[in-house]
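Below: the structure, in structure tokens.
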Amino acid sequence: MQDDDTDTQARLSVRGRGTGELAKGRFEQLEVEYEQDGEEHQIKTQLFKDTSRSIIATNDSPDVGFNATLNPYRGCEHGCIYCYARPTHEYLGLSAGLDFETKLFAKTDAPALLREKLQLKSWVPQSIGLSGVTDCYQPTERKLKLTRQCLQVLAEFRNPVVIITKNNLVTRDLDVLSELAKYNAVHVVLSITTLDKELARKMEPRASTPSLRLKAVEQLHAAGIPVSVNMAPIIPGLTDHEIPSLLKAAADAGARNAHYNIVRLPYGVKDLFQTWLEEHYPARKQKVLNRIREMRGGKLNVSEFGKRMGGDGEYAESIAQMFSQSRKRYGLDKPWTPLSTAHFRRAPDAQLSLFADNKA
């Protein structure tokens, strides 16, 4: 099958979700087909307990700015149609489509497992990425507070953390983030893909609106917490023209710097994305796909380190130049300040109640 061909998949018309696709996972032999009734469905989110006994994952990718990551959740209710993490649900016997955004797994033991890990003498203090796969501030965090509790543990140990999110819920935890900031142990990155509210609603249906993400940048900056913006991902032919205006808005809100990556479409994500384009932007579909191929050696995705986040060729270079010029123009080209491990400490029992109030 060519990379620009989409399989015929079971699909429902679903309200408020990134996709209605119910595609069979790569590792599944059985496929369920649904009768199409022409009605719009409302699919409720289901939450399951994840019983993982380890919480910190490591990687050696040169494309990622940290070696250790922590993900309190599997799956993501934000429903971003382009999300490169969607295929991870297939390892659970679920679909990268609708299942990924409606069947979530919560690592309820994450705070305790994190404390145990940091308390080990074998733990080498280092920056931890929160999250590296799915958004740690997705809607279910408002109730479960697993991310907040993990941040409380990190504050007790004064272990540095980089937070990446599309949700202004991060501002709920200004008290814990401020404690970490005292020791140069936190940096928050708001991922903002577009300033177009309507495009964002279609593309990232349950993430915070662009204006609320910019408001989060303002609040974090006002609280003295280092904050940056990632235009991640840039979708050529759909959002790349917004680079100057988006970076100006980020700078006006108080961001320190800005970075970007080009959309990645691994495995079944390429099919979901093409169906989404056909549904919402049919007139732009071929232009978007052709520009992605132009930057990826004729393919819609490459997995090589050093290339998967960006691209090659003239169009990739034009995006790089526009982004670089806009960063410089709006003062977002400041170097990334390394977080400090100098204040790390093994947490004595007395420190375990540092944020015992666990406020909402």
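What's the FRET efficiency of L120 with A223 using the Cβ-Cβ distance as r and R₀ = 45 Å, to the nearest 0.05? Working shown, then result.
Working: r = 32 Å, r/R0 = 0.71.
My answer for the efficiency is 0.90.
State which entries of K44/K145; K287/K334; K285/K334; K44/K107; K145/K334 exceed 26 angstrom in Cα-Cα distance in the structure shown.
On the way: K44/K145 20 Å; K287/K334 34 Å; K285/K334 36 Å; K44/K107 20 Å; K145/K334 33 Å.
From the list (K44/K145; K287/K334; K285/K334; K44/K107; K145/K334), the Cα-Cα distance tops 26 Å for K287/K334; K285/K334; K145/K334.
Return the sequence-ordered ³J(HN,Hα) values of the stretch 169-185 in whole Hz as given by the Karplus equation 6.51 cos²θ - 1.76 cosθ + 1.60 applied to θ = phi - 60°, using x for Gly and Pro.
So the Karplus estimates, Gly and Pro as x, are 4, 4, 6, 4, 9, 4, 5, 6, 5, 5, 5, 5, 5, 4, 10, 6, 10 Hz.
Which whole-Hz couplings ³J(HN,Hα) result when phi for each residue of the stretch 117-133 is put into the Karplus expression 6.51 cos²θ - 1.76 cosθ + 1.60, θ = phi - 60°, listed in order with x for Gly and Pro?
5, 5, 6, 5, 5, 6, 6, 9, x, 6, 5, 10, x, 10, 10, x, 10
Among G93, L247, P160, flag the residue with its Cα farthest along the positive direction of the charge dipole of the stretch 13-260, charges on Cβ as +1 for Lys/Arg and -1 for Asp/Glu.
P160
Could you list the trypsin sites (Lys or Arg not before Pro) in the stretch 113-160 that lie in coil according to DSSP, counting only those with at most 10 other Cβ atoms within 10 Å of their Cβ? Before the final figure, lay out the partial values.
Details: sites: R115, K117, K121, R142, K143, K145, R148, R158; in loops: K121, K145, R158.
For trypsin sites (Lys or Arg not before Pro) across the stretch 113-160 that sit outside H, G, I, E and B with at most 10 neighbouring Cβ atoms in 10 Å, the list reads K121.
Can you spot the lysines whose alpha carbon is less than 20 Å from K328's alpha carbon? Ignore those fewer than 8 places along the same chain.
Of all the lysines, those that pass the test against K328 - Cα under 20 Å, at least 8 places apart if same chain - are K248.
Given the stretch 13-260, what percent of its DSSP beta bridges are antiparallel, to the nearest 5?
Values: 5 of 28 bridges.
The antiparallel fraction comes to roughly 20 percent.
Mind checking the stretch 174-246 for trypsin sites (Lys or Arg not before Pro) that DSSP puts in a loop (not H, G, I, E or B) and that have at most 15 other Cβ atoms within 10 Å? Walk me through the numbers before you get to the answer.
Working: sites: K182, K197, R201, K202, R206, R213, K215; in loops: K182, R206.
Counting only loop positions with at most 15 other Cβ atoms within 10 Å, the trypsin sites (Lys or Arg not before Pro) in the stretch 174-246 are K182.
Along the Cα→Cβ direction, 7 angstrom out, place labels at D312 and K44. What is the inter-label distance in nm?
The two pseudo-label positions are separated by 5.1 nm.
The numbers here are math on the coordinates, done by the rules we state, and not lab data. Quick caveat, the model's predicted, so the values are computed rather than measured. So basically every Cβ, Gly included, is an ideal-geometry build from the backbone, and we count neighbours across all protein chains shown.
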